Structure formats: structure tokens, C-alpha cells
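Since every read-out is calculated from the coordinates, none of them should be taken as a lab result. Owing to the predicted nature of the structure, the values given are computational and were not obtained by experimental measurement. Here the Cβ is made from the backbone with ideal geometry for all residues, glycine too, and neighbour counts use every protein chain on show.
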């Protein structure tokens, strides 16, 4: 998730500032994970740094925190479930800001099919 921080003058922080992004599983998702025997990680977190001395985007007050959801969060679902996404300062100087709930879609089962023939016809002008 891309995060942007600015000071009172709409500029990037002068000193490096660590930001945190969090994805929290709802009760339905946790129940599905437990029923499937999968590890029930209820909260996943990632951090990134903004500030003039960080990197090419951080000097503009922008950073990207990548929260990777485990595959089991998709395969163990019995139906689509919601997760809560929040972001804020890693040092807790202010409350995390909650974003809109995000729907995790159930992964549909599929099987590999072998011995398939494909005919491609071409027409020359």
C-alpha cells in the first residue's frame, strides 16, 4: 500500500519517519483458517520509511509497505471474507487510520488438464 506523509507546509518530513501498514483478519476468516487447520495469523504488518534522506520516493513523503497475505487466506475460505486495513506512524505518535474494509475473495478450485489438443487455424491473404 502506498503511504504519504507531509508536514504543515505540505512537504516531506525532514528526518526519516517509519510508517506501518496493517491487515487484520476478521472473525470469519480466522474461523475458516482454524477449521482448515491452517495457521491463524490474525494480523500482518509491514513498514516503510519516508523522509528527505530515505530514497527517491521517500523524499517526497511517499513509501510503499507491502503486506503479503498468505495463500491460505484465499484457499481456506468458505465464502468471501473482509479484512481491516490500517496505516499510521510506526512509533504510535497518533492513532492508526482505518481504511475501508477489503474483501478477500475465495480462491476457486481448479484442476490441471492434460492431453489437450489445440487447433489453430490461420488464413493468409
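For the pair residue 47 and residue 9, label points projected 7 Å from Cα toward Cβ lie 2.8 nm apart. Each label was represented as a point 7 Å from its Cα along the Cα-to-Cβ direction; for residue 30 and residue 60 these points are 3.9 nm apart.
Binning the C-alpha pair distances of the chain at 10 Å intervals from 0 yields a P(r) profile of 12, 30, 21, 16, 11, 7, 2 %, listed from the shortest bin outward. Highest mean first, the peptides 23-31, 9-17 sorted by other C-beta atoms within 10 Å per residue fall in the order 23-31, 9-17.
When the helix-only estimate is applied to the chain (DSSP H runs of n ≥ 4, each -39,500 (n - 2.57), divided by the residue count), what is the mean residue ellipticity at 222 nm, nearest 500 deg cm²/dmol? Spell out each step's value before the answer.
Numbers: 2 runs with 13 residues, N = 125.
Theoretical 222 nm ellipticity from helices: -2500 deg cm²/dmol.
Tell me, in nm to one decimal, what length is gained between residue 69 and residue 82 on full extension, where the rule is 0.36 nm per residue of separation less the Cα-Cα distance? Present the calculation step by step, with values, prior to reporting the outcome.
Values: separation 13, 0.36 × 13 = 4.68 nm, distance 1.28 nm.
Contour length minus the Cα-Cα distance gives 3.4 nm.
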